[in-house]
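The structure appears right after this line, and notes come after that.
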Amino acid sequence: MDRAVASERTVSCLEHRVFFLRLPPRQTPRVVCKDGLMRRMYFTDEQLASAYLRGDRAALEVLIQRHLASVYRFAYRMVGNAHDADDVTQDTFVKAWKHLKRFDQRKSFKTWILSIAKNTALDFLKKKKVLSFSAFENEEGDNALINSIADPEELPSEIFDRADLAALLAS
């Protein structure tokens, strides 16, 4: 492969200054080094987190790309629709970015990011919880709740007004 395939910016990596290639998902991560040679490079999530904390912004991009699909699938199963899953996924990665310094590198990054996704989805569901009145409507659109709340009896003022009107008409 030639350099035209590589992204146009070089980024500091753990061992080399490299051009990160944009590859379809599930392919081997490859980089083109300054000397023009193609190399396969595997970095653990923990190495990428530590590289980001040392200032390598591309390391965070690789972490996000690596875990985006699994976090999205998890969020979708929790919230039940694509639009809300997008919001939960975005909030998850923002929280992870803000708190990456707290990540214990002796533990699994995937477990950490999915626990953030779980808590974010639960918070989202708590905020979204709304009492639906449509459950009280029948097929014709009649709302049984409203019909049971309304008192069919006349108000006291209506009774007195009717009595006054009857007295006036009688006289």
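Computed from the coordinates by the stated procedures, all read-outs in this text should not be read as laboratory data. Just so we're clear, the structure is a prediction, and the values are computed from it rather than from any experiment.
Rg and Dmax of segment 80-120, based on Cα coordinates, read 10.9, 34 Å. A straight Cα-to-Cα reach below 27 Å connects residue 128 with the lysines 95, 98, 110, 118, residues fewer than 8 places away in its own chain not being considered.
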